[in-house]
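The values are calculated or read from the model by the stated rules, or taken from the named source; none is laboratory data. As the structure is a prediction and not an experimental result, all values here were calculated from the model. All Cβ positions, glycine included, derive from the backbone under ideal geometry; neighbour counts span all protein chains shown.
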């Protein structure tokens, strides 16, 4: 390993040379307290920034072992350090001048969710820290400006490290609060199962967001308050006694007028599968970690999925036990989404009437009289919802504003009234008695078969140069195939989408052999990520991208929407 002085001498030697001479700087250098690793050098000042990492021994960082020995504590601490480093880096970004991306100092931008990221990794045994960031190596035109890079590496970067990666310089109270919040959140998750709950929404939570493009809490929003009938209490390890609304397992219907907060509640529940930072307003909104948001998704690809639970006897004779289409309708896509959620191990489905296919959700009495059941290939969701719970243990939370059909079958009915929830189950059931219930099915559906065994795509055989591009939170492109993830609504971070792309690429190279089911492939991928970390799915240590950990459910969703999947 070279010294920091070796790097300084190298920079003096290449100053004013052509930009490619920067590649001589690649390597590791011992700085006071940490090792600087220049992992990848950009080709020119207008290209993607250079990738740099900082490595610090745990004994030097000095964080107490109890802050990182457990998974949830470690992820919370990593998230805290990433945010601290990011705030420090913002002060110095572009203070070194030059053309193109010269002077950029950037680390992953964290949202409101606490996610495991490649930006900051901490060893659970030693406490060793690795921080990965991007730096725009300065240039005048395409000529090296080494004096400006020297300013970044020898002044700006050590100051960022000094104020963010040492326990002695951190705000110890904030660090303690971060760890305690993570432990409290994990406690609530464990309590959901013990108390037979799908979700918990704490009193005082702020659910509305600042705007459609901001996930920060809305100022002046109505704080959440549980109906007395649904209120549960929990004694958290640190915060102590906390009360809030417990959504019980079974079928929960959320109703109310427009703009009264139905969808806002559902949105909070769907993102409650992740922990949130202090001050978000949803810190104590916790949902079953396997819950999946379900919606119609016209045009999506479906690969040999058994949708016979909901769709049978198509007029064209098309097989529905292994349904295949490159252009799904609203009903077939939503049917596939439900069945694929079962395959992914979901124990709760979250559904909004506004984004559902009407003919999949319900057929009213008049339609049943005019168009007899024998002429309708779709078995609506309302006919299977009780079966999903009783036979598969899958609960459902439905938001509805126009159809009252679900009043008859719901176990719990919540009315949102100006963002305040009210428990109206008994009253709604009495009113429903005046309207005939829809005639349901007597026959139970056969359990869907999950035996799809994907083969490796020919394009991946012996090919180490697979092109991949992330399109924000909407899609990931692998070679010529675009995996559309716009309607996979529980992906709050584009770095999760990037990780999904790398997971698919890794699976294509190492796991898809036609012998293992999709479920087995995902389980193997989970083990890989758990044992070796996110960075392990990148091609090499020099090409570790900015990635955030997705759930297994989103990995299933990504594979199911991948048109290049060999099925």
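Values as computed for the structure displayed
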quantity: Identity of the residue in the range 232-241, touching a helix residue (DSSP H, G or I) at 6+ places or on another chain (Cβ under 8 Å) and part of a strand (DSSP E or B), that ends up surrounded by the most Cβ atoms within 10 Å (Cβ to Cβ); calculated: 234
quantity: Pair list, Cβ < 6 Å and 6+ apart or interchain, from the range 254-280 residues that are touching a residue at least 40 places away in the same chain (Cβ under 8 Å) and at positive phi to residues that are in a helix (DSSP H, G or I) and buried (at least 23 other Cβ atoms within 10 Å of the Cβ); calculated: 256/262
quantity: Conditions (1) under 13 Å from residue 284 (Cβ atoms); (2) surrounded by fewer than 19 Cβ atoms within 10 Å (Cβ to Cβ): number failed by residue 229; calculated: (1)
quantity: Filter result for residue 124 (assigned by TED's automatic domain parsing to the domain that holds residue 84 and either in contact with a strand residue (DSSP E or B) (Cβ under 6 Å, 6 or more places away or on another chain) or surrounded by 23 or more Cβ atoms within 10 Å (Cβ to Cβ) (or both)); calculated: no
quantity: Matching option when the condition is under 19 Å from the mean Cα position of the chain (by Cα) and in contact (Cβ under 8 Å) with a residue 60 or more places away in the chain, among 564, 533; calculated: 533
quantity: Filter result for the condition that a residue is modelled with pLDDT of 95 or more, under 20 Å from the mean Cα position of the chain (by Cα) and part of a strand (DSSP E or B), over 265, 269, 349, 342; calculated: 349
quantity: Flag if residue 308 is in contact (Cβ under 8 Å) with a residue 12 or more places away in the chain, surrounded by 19 or more Cβ atoms within 10 Å (Cβ to Cβ) and in the same structural domain as residue 411 (by TED's automatic domain parsing); calculated: yes
quantity: Within the range 65-96, considering residues that are assigned to a loop (DSSP other than H, G, I, E, B) and in contact with a helix residue (DSSP H, G or I) (Cβ under 6 Å, 6 or more places away or on another chain), the one farthest from residue 39 (Cα to Cα); calculated: 68
quantity: Test: residue in the range 152-165 that is more than 30 Å from residue 97 (Cβ to Cβ) and either in contact with a helix residue (DSSP H, G or I) (Cβ under 9 Å, 6 or more places away or on another chain) or buried (at least 18 other Cβ atoms within 10 Å of the Cβ) (or both); calculated: no
quantity: Hey, residue 177 outside the structural domain of residue 67 (by TED's automatic domain parsing), surrounded by fewer than 18 Cβ atoms within 10 Å (Cβ to Cβ) and either touching a strand residue (DSSP E or B) at 6+ places or on another chain (Cβ under 6 Å) or on the phi < 0 side of the Ramachandran plot (or both) or not; calculated: yes
quantity: The range 27-47: number of residues that are under 26 Å from residue 141 (Cα atoms) and either touching a helix residue (DSSP H, G or I) at 6+ places or on another chain (Cβ under 8 Å) or in contact (Cβ under 8 Å) with a residue 24 or more places away in the chain (or both); calculated: 11
quantity: Residue within the range 508-527 that is more than 19 Å from the chain's Cα centre (by Cα), closer than 20 Å to residue 305 by Cβ, free of Cβ contacts under 8 Å to residues at least 24 places away in the same chain and outside the structural domain of residue 302 (by TED's automatic domain parsing) present; calculated: yes
quantity: Filter result (without any contact (Cβ under 8 Å) to a residue 60 or more places away in the chain, surrounded by 14 or more Cβ atoms within 10 Å (Cβ to Cβ) and assigned to a loop (DSSP other than H, G, I, E, B)) within the range 450-485; calculated: 466, 473, 474
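One line per residue, one yes/no per condition, for (1) closer than 22 Å to residue 389 by Cα; (2) outside any helix (DSSP H, G or I); (3) in the same structural domain as residue 285 (by TED's automatic domain parsing); (4) within 25 Å of the chain's Cα centre (by Cα):
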| residue | (1), (2), (3), (4) |
| --- | --- |
| 185 | no, no, no, yes |
| 189 | yes, no, no, yes |
| 192 | yes, no, no, yes |
| 198 | yes, yes, no, yes |
| 221 | no, yes, no, no |
